[in-house]
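Step one of this worksheet: look at the structure below.
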Amino acid sequence: MAERAPFALRLMPSFQDMAVLAPIAFLFGRMDGVKTLLSDCDTGWHIRTGQWIAAHHAVPMQDIFSFSKPGKPWFAWEWLCDVLFAVLNAVGGLQAVALLSILLLCATFGLLYRLTRSKSNALIAIGMTSLAMPVASIHWLARPHLFTMLFTVLFYGALESVRHGRTRIAGVPYLAILPAATVLWTNLHGGFFVGPLLVLAYGSAELLTGFTASEAEKRVAAMKASRGYFCSGVACLAASLLNPYTFHLHVHMVQFLRDPRNSRQILEYFSPTFHHPLAIFLEAMLGLAAIAACWHFSKGRLTEPILLVIWAHAALLAVRNMPIFAIIAAPAIASAMEEWLAASREWKTAEWMKLAAARFQGIAARVTAKEAVGRWHLVTAMGLALVAAVIWAPHPPKKFRAEFDPDIYPAGAVAALRADASAQIFTNDEWGDYLIWSLYPGNRVFVDGRIDFYGDEFEEQYVDVMNVRTGWEKTLSRFGVNTILLPPDAPLSGALKESSRWRVVYDDGVSLVFRASAKDWGQTLPVTASRGGASRGRETTKTETGDPTITDSKKSTI
């Protein structure tokens, strides 16, 4: 009987299995599943870019999608991921792209649990991994940035191994592997700079430790360690130049990230709002991070405080940085909590608190011992296989449908416009992404989600048109716009209904299509009308005084 117990235990799910499958549970339980992953149609133009690259055997140097800025210089930052998405879409459709996104999330949090577990007991590790998930969920979209989340964990784990004396893997130094990994990261996503920043942060911590160390031996060791980190960090920066755009990519990124308009007009560059239901998780992690940073600093460790301060600031600056903060904070907080438990018996606290801490330690020790038994991870394999099977089912549940939601995107209007290659369509940037996905290469777009490409001057003109500001009609005329596609509640929709120059030719309750009148354009382009909404009069879309400025409509969950 004693021999059977380990065998049975190997079949049971472990906390590692739970950590790998937890993103699936959160995605389909708390969020909207595949619908969430595809709630941002940037995925569509990434796929089309990959298809263009595969067809031309080159990366684009000029714009290929718009009629408003044709031939202007454009950087496809994530060209390698675009190609991967295009290949997956060709093989398995959007289902394959969605499944890859799910696998990336599962791998990220599975590895995060392992890293956190190396610094604490299993209960603390799974707790901190679970806390990090809702904080990181802001960016759970089927886009290239998911690779940045994964690479952040990989770099973090490698740097922690080096820090604790495990400098090699398979005989190769970790600090030599990181620059090579940076080349891959750079071509997958523009967030590659996180890697060199992490390496340089470790080097800075060692350098400061060397300056402040009282013992000569510790000072020399810290200085030597800092040199290794700095050399690796500089090598990572140099390796990032190995991309089709060389240093021009870096110049372009710096110019874009320094643009103050980002924090005013792009949702994922906004500071987080603490009124969202999920904000409580961010608040908890920020609070724990502040306490952990002080604890580590009091113990003479500078790496954790530096990392926590940098990425907590970044998370408060822009919501897109929250996933990186969550990944960085979880292991640092977990290691501090493990030390708090060990030190709690010496603290001058109530006896019941000491007893509770001791009881938790006892439970954690037993659980951790069971977790040490090797598992076959059959539950993980079965869970992933089940998700894939449901996604590819002939009639999957709504949360498993790999599509751009027809209740959000103008699927009906696009079907009506598909046959008209002469349509010069104006729409908002999010629907511009959908037009690239649905109509390219037959039609080009006026604007889409590539905010870095269009530039400030053009974006101001776009915003002026969307908000019906003075000169909006001249802007549309200058760019030869003869078709306008908008949601019914857009301020511009109301103005167009009152204009004698435009008429509604399609209305399905989700979108309106306006066409220029024959006297203005010589000929009215045909579109089948379809009225699907009730009470579609002027009153439902009129422009009110004080309407908020239209901004980039990228989805955000907090």
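Table for the structure above
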| read-out | value |
| --- | --- |
| Residue check for Phe193: under 24 Å from Pro272 (Cα atoms) and more than 14 Å from the chain's Cα centre (by Cα) | yes |
| Number of positions in the range 382-425 that are assigned to a helix (DSSP H, G or I) and within 19 Å of Phe28 (Cα to Cα) | 13 |
| Pro410 vs. criteria of a type outside the set (D, E, K, R) and surrounded by fewer than 16 Cβ atoms within 10 Å (Cβ to Cβ) | no |
| Subset tally (residues that are buried (at least 23 other Cβ atoms within 10 Å of the Cβ) and assigned to a helix (DSSP H, G or I)) for the range 433-450 | 4 |
| Residue among Gln255, Gln265 that alone is more than 17 Å from Trp74 (Cα to Cα) and either touching a residue at least 40 places away in the same chain (Cβ under 8 Å) or out of contact with any helix residue (DSSP H, G or I) (no Cβ under 8 Å at 6 or more places or on another chain) (or both) | Gln265 |
| Ile391 in the same structural domain as Val91 (by TED's automatic domain parsing), more than 30 Å from Phe479 (Cβ to Cβ) and of a type outside the set (Lys, Arg) | no |
| Scope the range 51-89; condition of a type in the set (A, V, I, L, M), part of a loop (DSSP other than H, G, I, E, B) and either in contact with a His (Cβ under 6 Å, 6 or more places away or on another chain) or surrounded by 21 or more Cβ atoms within 10 Å (Cβ to Cβ) (or both); matching residues | Ala76 |
| Cβ-Cβ under 6 Å pairs, at least 6 apart or on other chains, the range 57-84 side on the phi < 0 side of the Ramachandran plot and in the same structural domain as Glu457 (by TED's automatic domain parsing), far side loosely packed, with under 14 Cβ neighbours inside 10 Å and at pLDDT below 95 | none |
| Counted residues, the range 319-372 - those being among the hydroxyl-bearing types (Ser, Thr, Tyr) and under 30 Å from the mean Cα position of the chain (by Cα) | 1 |
| Residue within the range 176-184 that is closer than 29 Å to Leu267 by Cβ and small (Gly, Ala, Ser) present | no |
| Selection within the range 365-386 - among the basic types (Lys, Arg) and touching a residue at least 40 places away in the same chain (Cβ under 8 Å) | Lys370, Arg375 |
| Residue within the range 204-211 that is among the charged types (D, E, K, R) and free of Cβ contacts under 8 Å to residues at least 12 places away in the same chain present | no |
| All positions within the range 63-79 that are polar (S, T, N, Q) and touching a strand residue (DSSP E or B) at 6+ places or on another chain (Cβ under 6 Å) | Ser66 |
| Residue in the range 258-281 that is farthest from Met322 (Cα to Cα), counting only those that are within 16 Å of the chain's Cα centre (by Cα) and aliphatic (A, V, I, L, M) | Ile266 |
| Sole residue being of a type in the set (Lys, Arg), farther than 23 Å from Val379 by Cα and part of a helix (DSSP H, G or I), chosen from Arg143, Arg114, Arg48 | Arg48 |
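Every residue, every condition in (1) touching a Cys at 6+ places or on another chain (Cβ under 9 Å); (2) within 13 Å of Leu200 (Cβ to Cβ); (3) not aromatic (Phe, Trp, Tyr), yes or no:
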site	(1), (2), (3)
Phe211	no, no, no
Ser214	no, no, yes
Glu217	no, no, yes
Tyr229	no, yes, no
Ser232	no, yes, yes
Ala235	no, yes, yes
Tyr245	no, no, no
His250	no, no, yes
Val254	no, no, yes
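The values are calculated or read from the model by the stated rules, or taken from the named source; none is laboratory data. Only a predicted model underlies this, so the values are computations on that prediction, with no experimental measurement involved. Because the Cβ atoms are built from the backbone with ideal geometry, glycine has one as well, and the counts that use them run over all protein chains shown.
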